[in-house]
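Structure, as C-alpha coordinates:
The values are calculated or read from the model by the stated rules, or taken from the named source; none is laboratory data. Source: prediction; values computed, not measured. Cβ atoms come from the backbone with ideal geometry, glycine included; neighbour counts cover every protein chain shown. These area figures cover heavy atoms from the full protein model, side chains too; ligands, DNA and RNA do not enter into them. Shrake-Rupley method; radii C 1.70, N 1.55, O 1.52, S 1.80 Å.
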Protein chains: 2
Amino acid sequence: MMPLDDNAAIELTAFAWVPPFAQGYVRDLRIRWALEEVAAPYRVRLLDVRSKPAEYLAEQPFGQVPAYRDEEVQLFESGAILIHLGLRHSELLPAAHAERMRTIAWLIAGLNSIEPQVGELGSVDVFHKDEAWTGERRPQVVDSLRRRFGQLQSALGGAEWLTAGFSIADIVMVSVLRETRECGLLDEFPELSAYVARAEARPAFKQALSDQLAAFRAHEPQFQGEAA
Amino acid sequence: MMPLDDNAAIELTAFAWVPPFAQGYVRDLRIRWALEEVAAPYRVRLLDVRSKPAEYLAEQPFGQVPAYRDEEVQLFESGAILIHLGLRHSELLPAAHAERMRTIAWLIAGLNSIEPQVGELGSVDVFHKDEAWTGERRPQVVDSLRRRFGQLQSALGGAEWLTAGFSIADIVMVSVLRETRECGLLDEFPELSAYVARAEARPAFKQALSDQLAAFRAHEPQFQGEAA
(Lines give C-alpha, C1' and ligand atoms only; values in the text may rest on other atoms or scores of the structure.)
Protein backbone atom coordinates (compact mmCIF):
# COMPACT_ATOMS: atom_id res chain seq x y z
CA MET A 1 0.00 0.00 0.00
CA MET A 2 1.22 3.45 -0.90
CA PRO A 3 0.57 5.89 1.94
CA LEU A 4 0.93 8.93 -0.37
CA ASP A 5 -2.66 9.60 -1.41
CA ASP A 6 -4.13 12.94 -2.53
CA ASN A 7 -7.47 12.08 -0.96
CA ALA A 8 -6.11 11.14 2.44
CA ALA A 9 -7.51 12.80 5.57
CA ILE A 10 -4.01 13.27 6.95
CA GLU A 11 -2.20 16.28 5.52
CA LEU A 12 1.42 17.21 6.18
CA THR A 13 3.31 20.27 5.09
CA ALA A 14 6.80 19.94 3.66
CA PHE A 15 9.17 22.13 1.67
CA ALA A 16 9.10 21.79 -2.11
CA TRP A 17 12.86 22.18 -2.18
CA VAL A 18 15.72 22.79 0.27
CA PRO A 19 19.48 23.12 -0.31
CA PRO A 20 21.35 19.82 -0.67
CA PHE A 21 22.75 19.74 2.90
CA ALA A 22 19.20 19.61 4.30
CA GLN A 23 17.77 17.10 1.82
CA GLY A 24 16.81 13.90 3.61
CA TYR A 25 16.83 15.63 6.99
CA VAL A 26 13.83 17.97 6.98
CA ARG A 27 11.51 17.04 9.81
CA ASP A 28 8.49 16.00 7.77
CA LEU A 29 10.62 12.86 7.24
CA ARG A 30 9.86 11.79 10.82
CA ILE A 31 6.13 11.93 10.22
CA ARG A 32 6.30 10.30 6.77
CA TRP A 33 8.32 7.50 8.41
CA ALA A 34 5.76 6.93 11.19
CA LEU A 35 2.90 6.95 8.67
CA GLU A 36 4.73 4.42 6.47
CA GLU A 37 5.30 2.16 9.50
CA VAL A 38 1.53 1.86 9.98
CA ALA A 39 0.61 2.21 6.28
CA ALA A 40 -1.58 5.25 6.99
CA PRO A 41 -2.43 7.21 3.82
CA TYR A 42 -1.40 10.87 3.79
CA ARG A 43 -1.06 13.79 1.42
CA VAL A 44 1.61 16.47 1.38
CA ARG A 45 1.12 20.21 0.92
CA LEU A 46 4.36 21.68 -0.37
CA LEU A 47 5.56 25.14 0.68
CA ASP A 48 8.27 27.32 -0.79
CA VAL A 49 10.98 27.57 1.88
CA ARG A 50 11.92 31.04 0.54
CA SER A 51 8.41 32.51 0.57
CA LYS A 52 6.04 30.97 3.06
CA PRO A 53 2.58 32.58 3.07
CA ALA A 54 2.07 34.81 6.15
CA GLU A 55 -1.06 32.87 7.09
CA TYR A 56 1.02 29.71 7.48
CA LEU A 57 2.04 30.99 10.93
CA ALA A 58 -1.48 30.16 12.11
CA GLU A 59 -0.68 26.50 11.44
CA GLN A 60 2.98 26.54 12.49
CA PRO A 61 3.86 29.48 14.78
CA PHE A 62 7.55 29.40 13.79
CA GLY A 63 7.05 28.92 10.05
CA GLN A 64 8.66 25.49 10.10
CA VAL A 65 7.56 22.17 8.63
CA PRO A 66 5.80 19.92 9.24
CA ALA A 67 2.38 21.13 10.22
CA TYR A 68 -0.15 18.32 10.42
CA ARG A 69 -3.91 17.94 10.24
CA ASP A 70 -6.39 15.12 10.14
CA GLU A 71 -10.10 14.79 10.90
CA GLU A 72 -9.35 15.15 14.62
CA VAL A 73 -6.43 17.55 15.26
CA GLN A 74 -4.34 20.38 13.82
CA LEU A 75 -0.78 20.13 15.16
CA PHE A 76 2.78 21.35 14.86
CA GLU A 77 6.09 20.11 16.34
CA SER A 78 7.14 16.74 14.98
CA GLY A 79 7.41 15.32 18.52
CA ALA A 80 3.77 16.12 19.25
CA ILE A 81 2.57 14.79 15.89
CA LEU A 82 4.43 11.53 16.60
CA ILE A 83 2.79 11.23 20.04
CA HIS A 84 -0.61 11.75 18.40
CA LEU A 85 0.13 9.02 15.84
CA GLY A 86 1.48 6.80 18.60
CA LEU A 87 -1.76 7.13 20.55
CA ARG A 88 -3.60 5.91 17.44
CA HIS A 89 -1.23 3.06 16.60
CA SER A 90 0.19 0.86 19.35
CA GLU A 91 2.88 -0.41 16.93
CA LEU A 92 4.41 3.06 17.37
CA LEU A 93 3.77 3.63 21.08
CA PRO A 94 2.89 0.90 23.62
CA ALA A 95 -0.56 1.14 25.16
CA ALA A 96 0.42 0.19 28.75
CA HIS A 97 0.90 3.41 30.70
CA ALA A 98 4.34 2.83 32.25
CA GLU A 99 5.82 1.61 28.98
CA ARG A 100 4.10 4.40 27.07
CA MET A 101 5.54 7.02 29.38
CA ARG A 102 9.09 5.55 29.17
CA THR A 103 8.80 5.76 25.39
CA ILE A 104 7.67 9.38 25.59
CA ALA A 105 10.59 10.09 27.95
CA TRP A 106 13.01 8.77 25.32
CA LEU A 107 11.29 10.74 22.57
CA ILE A 108 11.70 13.91 24.62
CA ALA A 109 15.32 12.99 25.42
CA GLY A 110 15.92 12.96 21.66
CA LEU A 111 14.27 16.36 21.26
CA ASN A 112 15.64 18.12 24.34
CA SER A 113 18.85 16.35 25.47
CA ILE A 114 20.39 15.31 22.13
CA GLU A 115 18.97 17.42 19.29
CA PRO A 116 19.92 20.86 20.70
CA GLN A 117 23.59 19.85 20.80
CA VAL A 118 23.44 18.24 17.38
CA GLY A 119 21.87 21.49 16.18
CA GLU A 120 24.81 23.46 17.59
CA LEU A 121 27.18 21.26 15.64
CA GLY A 122 25.11 22.03 12.54
CA SER A 123 25.45 25.76 13.25
CA VAL A 124 29.20 25.40 13.49
CA ASP A 125 29.73 23.05 10.54
CA VAL A 126 27.08 24.22 8.10
CA PHE A 127 25.32 27.51 8.79
CA HIS A 128 28.35 29.47 10.00
CA LYS A 129 31.19 27.31 8.80
CA ASP A 130 33.53 29.98 7.52
CA GLU A 131 33.19 32.28 10.51
CA ALA A 132 36.11 32.81 12.88
CA TRP A 133 34.23 31.95 16.10
CA THR A 134 33.60 28.37 15.04
CA GLY A 135 37.30 27.49 15.38
CA GLU A 136 37.25 28.00 19.13
CA ARG A 137 33.70 26.76 19.64
CA ARG A 138 33.70 23.54 17.61
CA PRO A 139 35.86 21.41 19.95
CA GLN A 140 33.63 22.36 22.88
CA VAL A 141 30.48 21.34 21.01
CA VAL A 142 32.07 18.07 19.89
CA ASP A 143 33.30 17.24 23.42
CA SER A 144 29.90 17.83 24.84
CA LEU A 145 28.23 15.72 22.12
CA ARG A 146 30.77 12.94 22.67
CA ARG A 147 29.85 12.82 26.35
CA ARG A 148 26.13 12.66 25.53
CA PHE A 149 26.60 10.04 22.82
CA GLY A 150 28.63 7.94 25.27
CA GLN A 151 25.82 8.14 27.82
CA LEU A 152 23.24 7.33 25.18
CA GLN A 153 25.23 4.34 23.96
CA SER A 154 25.49 3.05 27.55
CA ALA A 155 21.76 3.48 28.04
CA LEU A 156 21.02 1.62 24.80
CA GLY A 157 23.36 -1.12 26.09
CA GLY A 158 23.45 -3.04 22.82
CA ALA A 159 19.66 -3.36 22.70
CA GLU A 160 17.86 -3.22 19.39
CA TRP A 161 15.69 -0.18 20.25
CA LEU A 162 15.45 2.36 23.08
CA THR A 163 12.48 0.56 24.62
CA ALA A 164 11.12 -2.97 24.25
CA GLY A 165 10.12 -2.54 20.59
CA PHE A 166 10.63 -0.04 17.79
CA SER A 167 8.71 3.17 18.58
CA ILE A 168 8.31 6.89 17.95
CA ALA A 169 11.24 7.40 20.34
CA ASP A 170 13.52 5.59 17.87
CA ILE A 171 12.13 7.65 14.98
CA VAL A 172 13.18 10.84 16.79
CA MET A 173 16.51 9.59 18.11
CA VAL A 174 17.64 8.05 14.83
CA SER A 175 16.57 11.14 12.89
CA VAL A 176 18.76 13.26 15.15
CA LEU A 177 21.74 10.89 15.32
CA ARG A 178 22.02 10.37 11.57
CA GLU A 179 22.73 14.08 11.16
CA THR A 180 26.14 13.47 12.73
CA ARG A 181 27.24 10.72 10.37
CA GLU A 182 28.89 12.93 7.78
CA CYS A 183 31.21 14.65 10.26
CA GLY A 184 32.41 11.25 11.54
CA LEU A 185 31.12 11.59 15.08
CA LEU A 186 28.56 8.79 14.82
CA ASP A 187 31.27 6.34 13.70
CA GLU A 188 33.03 6.78 17.03
CA PHE A 189 30.08 5.00 18.68
CA PRO A 190 29.69 1.58 17.02
CA GLU A 191 26.53 0.58 18.89
CA LEU A 192 24.85 3.87 18.03
CA SER A 193 25.95 3.51 14.40
CA ALA A 194 24.50 0.01 14.27
CA TYR A 195 21.29 1.29 15.87
CA VAL A 196 20.95 4.01 13.22
CA ALA A 197 21.73 1.55 10.41
CA ARG A 198 19.12 -0.89 11.78
CA ALA A 199 16.49 1.83 11.70
CA GLU A 200 17.48 3.09 8.26
CA ALA A 201 17.13 -0.45 6.91
CA ARG A 202 13.41 -0.47 7.72
CA PRO A 203 11.29 -0.34 4.55
CA ALA A 204 9.17 2.45 6.06
CA PHE A 205 12.22 4.65 6.54
CA LYS A 206 13.44 4.01 2.99
CA GLN A 207 10.05 4.84 1.50
CA ALA A 208 9.73 8.03 3.56
CA LEU A 209 13.21 9.19 2.59
CA SER A 210 12.62 8.41 -1.06
CA ASP A 211 9.34 10.36 -1.05
CA GLN A 212 10.91 13.42 0.58
CA LEU A 213 13.79 13.38 -1.92
CA ALA A 214 11.45 12.88 -4.89
CA ALA A 215 9.68 16.15 -4.09
CA PHE A 216 13.01 17.99 -4.00
CA ARG A 217 14.07 16.52 -7.34
CA ALA A 218 10.79 17.59 -8.87
CA HIS A 219 11.26 21.16 -7.63
CA GLU A 220 14.97 21.68 -8.23
CA PRO A 221 15.64 25.37 -9.00
CA GLN A 222 16.41 25.75 -12.70
CA PHE A 223 19.04 28.46 -12.35
CA GLN A 224 21.69 28.83 -9.75
CA GLY A 225 20.38 32.28 -8.84
CA GLU A 226 17.08 30.75 -7.78
CA ALA A 227 18.72 28.65 -5.09
CA ALA A 228 20.09 31.61 -3.13
CA MET B 1 -1.66 21.43 52.22
CA MET B 2 2.10 21.08 51.99
CA PRO B 3 3.09 18.85 49.05
CA LEU B 4 6.58 18.23 50.50
CA ASP B 5 6.09 15.02 52.47
CA ASP B 6 8.77 12.42 53.31
CA ASN B 7 6.23 9.61 53.07
CA ALA B 8 4.89 10.55 49.65
CA ALA B 9 4.80 7.97 46.86
CA ILE B 10 6.14 10.54 44.39
CA GLU B 11 9.89 11.00 44.57
CA LEU B 12 11.90 13.60 42.64
CA THR B 13 15.63 14.03 42.46
CA ALA B 14 17.15 17.50 42.76
CA PHE B 15 20.58 18.93 43.43
CA ALA B 16 21.46 19.77 47.04
CA TRP B 17 23.28 22.86 45.85
CA VAL B 18 24.14 24.59 42.56
CA PRO B 19 26.07 27.79 41.85
CA PRO B 20 24.05 31.02 42.25
CA PHE B 21 23.40 31.58 38.50
CA ALA B 22 21.47 28.28 38.35
CA GLN B 23 19.52 28.66 41.58
CA GLY B 24 15.81 28.97 40.85
CA TYR B 25 16.26 27.53 37.35
CA VAL B 26 17.12 23.84 37.85
CA ARG B 27 14.52 21.71 36.12
CA ASP B 28 13.09 19.97 39.18
CA LEU B 29 11.37 23.36 39.62
CA ARG B 30 9.03 22.49 36.73
CA ILE B 31 7.88 19.31 38.44
CA ARG B 32 7.61 20.88 41.90
CA TRP B 33 5.46 23.59 40.30
CA ALA B 34 3.11 21.09 38.63
CA LEU B 35 2.80 19.10 41.86
CA GLU B 36 2.01 22.27 43.83
CA GLU B 37 -0.67 23.20 41.27
CA VAL B 38 -2.53 19.97 42.06
CA ALA B 39 -1.44 19.74 45.73
CA ALA B 40 0.12 16.31 45.15
CA PRO B 41 2.48 15.30 47.99
CA TYR B 42 6.06 14.53 46.98
CA ARG B 43 9.46 13.95 48.51
CA VAL B 44 12.85 15.03 47.18
CA ARG B 45 16.05 12.99 47.03
CA LEU B 46 18.97 15.37 46.93
CA LEU B 47 22.10 14.61 44.90
CA ASP B 48 25.50 16.25 44.99
CA VAL B 49 25.94 17.97 41.60
CA ARG B 50 29.73 17.45 41.85
CA SER B 51 29.64 13.72 42.64
CA LYS B 52 26.61 11.89 41.39
CA PRO B 53 26.64 8.15 42.14
CA ALA B 54 27.41 6.11 38.99
CA GLU B 55 24.23 4.09 39.49
CA TYR B 56 22.18 7.27 39.10
CA LEU B 57 22.59 6.90 35.31
CA ALA B 58 20.16 3.98 35.49
CA GLU B 59 17.50 6.49 36.57
CA GLN B 60 18.61 9.43 34.44
CA PRO B 61 20.78 8.42 31.46
CA PHE B 62 22.47 11.84 31.24
CA GLY B 63 23.02 12.36 34.97
CA GLN B 64 20.65 15.32 35.09
CA VAL B 65 17.81 16.17 37.44
CA PRO B 66 14.98 15.56 37.87
CA ALA B 67 14.42 11.83 37.81
CA TYR B 68 10.93 10.88 38.96
CA ARG B 69 9.21 7.84 40.37
CA ASP B 70 5.82 7.01 41.80
CA GLU B 71 3.87 3.77 42.32
CA GLU B 72 3.29 3.54 38.56
CA VAL B 73 6.30 4.85 36.58
CA GLN B 74 10.02 5.67 36.70
CA LEU B 75 10.76 8.59 34.41
CA PHE B 76 13.30 11.19 33.33
CA GLU B 77 13.03 14.33 31.14
CA SER B 78 10.95 17.06 32.75
CA GLY B 79 8.71 17.25 29.66
CA ALA B 80 7.77 13.58 29.96
CA ILE B 81 7.20 13.81 33.72
CA LEU B 82 4.88 16.77 33.11
CA ILE B 83 2.90 14.82 30.50
CA HIS B 84 2.56 11.94 32.97
CA LEU B 85 1.28 14.34 35.66
CA GLY B 86 -1.00 15.99 33.10
CA LEU B 87 -2.57 12.65 32.25
CA ARG B 88 -3.37 12.22 35.95
CA HIS B 89 -4.68 15.74 36.55
CA SER B 90 -6.89 17.44 33.98
CA GLU B 91 -6.18 20.83 35.63
CA LEU B 92 -2.72 20.47 34.06
CA LEU B 93 -3.64 18.94 30.69
CA PRO B 94 -7.13 18.94 29.15
CA ALA B 95 -8.75 15.53 28.74
CA ALA B 96 -10.31 16.12 25.30
CA HIS B 97 -7.94 14.68 22.70
CA ALA B 98 -7.61 17.63 20.29
CA GLU B 99 -7.07 20.10 23.10
CA ARG B 100 -4.71 17.71 24.88
CA MET B 101 -2.60 17.32 21.77
CA ARG B 102 -2.45 21.10 21.14
CA THR B 103 -1.20 21.49 24.70
CA ILE B 104 1.45 18.82 24.17
CA ALA B 105 2.45 20.56 20.91
CA TRP B 106 3.08 23.78 22.85
CA LEU B 107 4.96 21.92 25.58
CA ILE B 108 7.24 20.43 22.92
CA ALA B 109 7.59 23.82 21.23
CA GLY B 110 8.98 25.09 24.53
CA LEU B 111 11.42 22.19 24.75
CA ASN B 112 12.50 21.98 21.13
CA SER B 113 11.86 25.34 19.41
CA ILE B 114 12.60 27.80 22.24
CA GLU B 115 14.77 26.15 24.91
CA PRO B 116 17.68 25.14 22.62
CA GLN B 117 18.21 28.76 21.57
CA VAL B 118 17.82 30.03 25.12
CA GLY B 119 20.40 27.42 26.08
CA GLU B 120 22.80 28.78 23.47
CA LEU B 121 22.43 32.24 24.97
CA GLY B 122 23.27 30.69 28.35
CA SER B 123 26.40 29.13 26.84
CA VAL B 124 27.48 32.50 25.52
CA ASP B 125 26.57 34.62 28.55
CA VAL B 126 27.33 32.25 31.41
CA PHE B 127 29.28 29.08 30.68
CA HIS B 128 31.77 30.59 28.22
CA LYS B 129 31.37 34.27 28.87
CA ASP B 130 35.00 35.34 28.81
CA GLU B 131 35.92 33.40 25.67
CA ALA B 132 36.76 35.22 22.45
CA TRP B 133 34.28 33.36 20.23
CA THR B 134 31.26 34.65 22.09
CA GLY B 135 31.83 38.19 20.81
CA GLU B 136 31.08 37.18 17.24
CA ARG B 137 28.46 34.57 18.12
CA ARG B 138 26.32 36.45 20.64
CA PRO B 139 24.58 38.85 18.21
CA GLN B 140 23.61 35.89 16.00
CA VAL B 141 22.09 34.01 18.92
CA VAL B 142 20.23 37.10 20.10
CA ASP B 143 18.89 37.86 16.61
CA SER B 144 17.63 34.36 16.24
CA LEU B 145 16.00 34.41 19.69
CA ARG B 146 14.39 37.79 18.93
CA ARG B 147 12.79 36.33 15.83
CA ARG B 148 11.47 33.33 17.78
CA PHE B 149 10.22 35.46 20.66
CA GLY B 150 8.42 37.72 18.18
CA GLN B 151 6.71 34.68 16.63
CA LEU B 152 5.84 33.33 20.06
CA GLN B 153 4.39 36.66 21.17
CA SER B 154 2.26 36.78 18.01
CA ALA B 155 1.03 33.26 18.63
CA LEU B 156 0.15 34.10 22.23
CA GLY B 157 -1.73 37.13 20.83
CA GLY B 158 -2.33 38.73 24.23
CA ALA B 159 -4.04 35.60 25.59
CA GLU B 160 -3.58 34.63 29.21
CA TRP B 161 -2.08 31.19 28.48
CA LEU B 162 -0.84 29.27 25.43
CA THR B 163 -4.03 27.20 25.28
CA ALA B 164 -7.51 27.72 26.74
CA GLY B 165 -6.38 27.37 30.38
CA PHE B 166 -3.13 27.21 32.33
CA SER B 167 -1.35 23.93 31.57
CA ILE B 168 1.94 22.00 31.56
CA ALA B 169 2.75 23.85 28.31
CA ASP B 170 2.85 27.12 30.26
CA ILE B 171 5.01 25.54 32.96
CA VAL B 172 7.60 24.64 30.34
CA MET B 173 7.40 27.84 28.30
CA VAL B 174 7.52 30.18 31.31
CA SER B 175 10.40 28.20 32.84
CA VAL B 176 12.36 28.69 29.64
CA LEU B 177 11.42 32.34 29.01
CA ARG B 178 12.26 33.55 32.51
CA GLU B 179 15.88 32.54 31.94
CA THR B 180 16.17 35.47 29.52
CA ARG B 181 14.96 38.14 31.91
CA GLU B 182 18.32 39.07 33.38
CA CYS B 183 19.94 39.81 30.01
CA GLY B 184 17.07 42.17 29.11
CA LEU B 185 15.74 40.18 26.15
CA LEU B 186 12.41 39.30 27.75
CA ASP B 187 11.68 43.00 28.42
CA GLU B 188 11.70 43.66 24.68
CA PHE B 189 8.51 41.59 24.43
CA PRO B 190 5.89 43.17 26.74
CA GLU B 191 3.24 40.51 26.21
CA LEU B 192 5.70 37.71 26.89
CA SER B 193 6.95 39.53 29.99
CA ALA B 194 3.40 39.91 31.24
CA TYR B 195 2.76 36.23 30.52
CA VAL B 196 5.81 35.21 32.55
CA ALA B 197 4.86 37.56 35.40
CA ARG B 198 1.31 36.16 35.43
CA ALA B 199 2.67 32.64 35.79
CA GLU B 200 5.22 33.58 38.43
CA ALA B 201 2.45 35.17 40.49
CA ARG B 202 0.74 31.81 40.91
CA PRO B 203 1.01 30.52 44.49
CA ALA B 204 2.14 27.11 43.21
CA PHE B 205 5.09 28.65 41.36
CA LYS B 206 6.11 30.69 44.42
CA GLN B 207 5.99 27.67 46.70
CA ALA B 208 7.98 25.53 44.27
CA LEU B 209 10.63 28.20 43.85
CA SER B 210 10.89 28.76 47.58
CA ASP B 211 11.29 25.01 48.21
CA GLN B 212 14.05 24.66 45.61
CA LEU B 213 15.91 27.65 47.03
CA ALA B 214 15.51 26.44 50.63
CA ALA B 215 17.41 23.24 49.80
CA PHE B 216 20.27 25.27 48.29
CA ARG B 217 20.46 27.52 51.36
CA ALA B 218 20.59 24.47 53.60
CA HIS B 219 23.47 23.00 51.60
CA GLU B 220 25.56 26.09 50.89
CA PRO B 221 29.25 25.12 50.66
CA GLN B 222 31.06 26.31 53.80
CA PHE B 223 34.34 27.28 52.12
CA GLN B 224 34.85 28.91 48.78
CA GLY B 225 37.04 25.98 47.65
CA GLU B 226 34.09 23.63 48.03
CA ALA B 227 32.05 25.50 45.43
CA ALA B 228 34.54 24.96 42.62
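Observations on the model:
- Scanning residues 5 or more positions from residue A:4 or on other chains, those with amide H under 5 Å from its amide H are A:42, with H placed 1.01 Å from N in the peptide plane.
- Antiparallel %, DSSP beta bridges [both residues in the protein assembly as shown], to 5: 40 percent
- Bridgeable lysines around residue B:52 (alpha carbons under 29 Å apart, same-chain partners fewer than 8 residues away excluded): B:129, B:206.
- Basic side chains Lys and Arg get +1 at the Cβ, acidic Asp and Glu get -1 at the Cβ, and with that the dipole of the protein assembly as shown about its Cα centre reaches some 40 debye.
- Sequence-distant contacts, meaning Cα pairs under 8 Å at least 6 residues apart, place the relative contact order of the range A:149-228 at 23 percent.
- Once all protein chains are placed together, residue A:173 keeps about 0 Å² accessible to a 1.4 angstrom probe.
- Solvent-accessible area lost in complex, 40 Å² minimum, residues of the range B:125-171 relative to chain alone, 1.4 Å: B:133, B:136, B:137, B:140, B:148, B:151
- Accessible area (Å², per residue) of chain B, counting only protein heavy atoms and a probe of 1.4 Å: 41 Å²
- Reduction of at least 50 Å² in accessible surface, 1.4 Å probe, comparing all protein chains with the chain by itself, residues of the range A:81-101: A:97, A:101
- Point-charge dipole on Cβ atoms (K/R +1, D/E -1) for the range B:1-127, about Cα centre, debye to 20: 140 debye
- Charge dipole (chain A, unit charges on Cβ, about Cα centre) - positive-most of A:219, A:56, A:81: A:81
- Magnitude of the charge dipole for the range B:88-176, about its Cα centre and with charges confined to Cβ atoms of Lys, Arg (+1) and Asp, Glu (-1), is about 220 debye.
- Of the accessible area of the range B:72-208, computed with a 1.4 Å probe over protein heavy atoms only, carbon and sulfur atoms account for 49 percent.
- In Å², nearest 10: area of residue B:10 left accessible to a 1.4 Å probe: 10 Å²
- Heavy-atom accessible area, probed at 1.4 angstrom with all protein chains present, ranks A:206, B:52 as A:206, B:52, highest first.
- Test item: B:69-78 mean partner chain Cβ contacts at 10 Å: 4
- Sorted from closest to farthest, the other copies place their residue B:217 label points 6.7 nm away, with each point set 7 Å from Cα along Cα→Cβ.
- Both chains summed, the buried accessible area for B and A stands near 4000 Å², from protein heavy atoms and a 1.4 Å probe.
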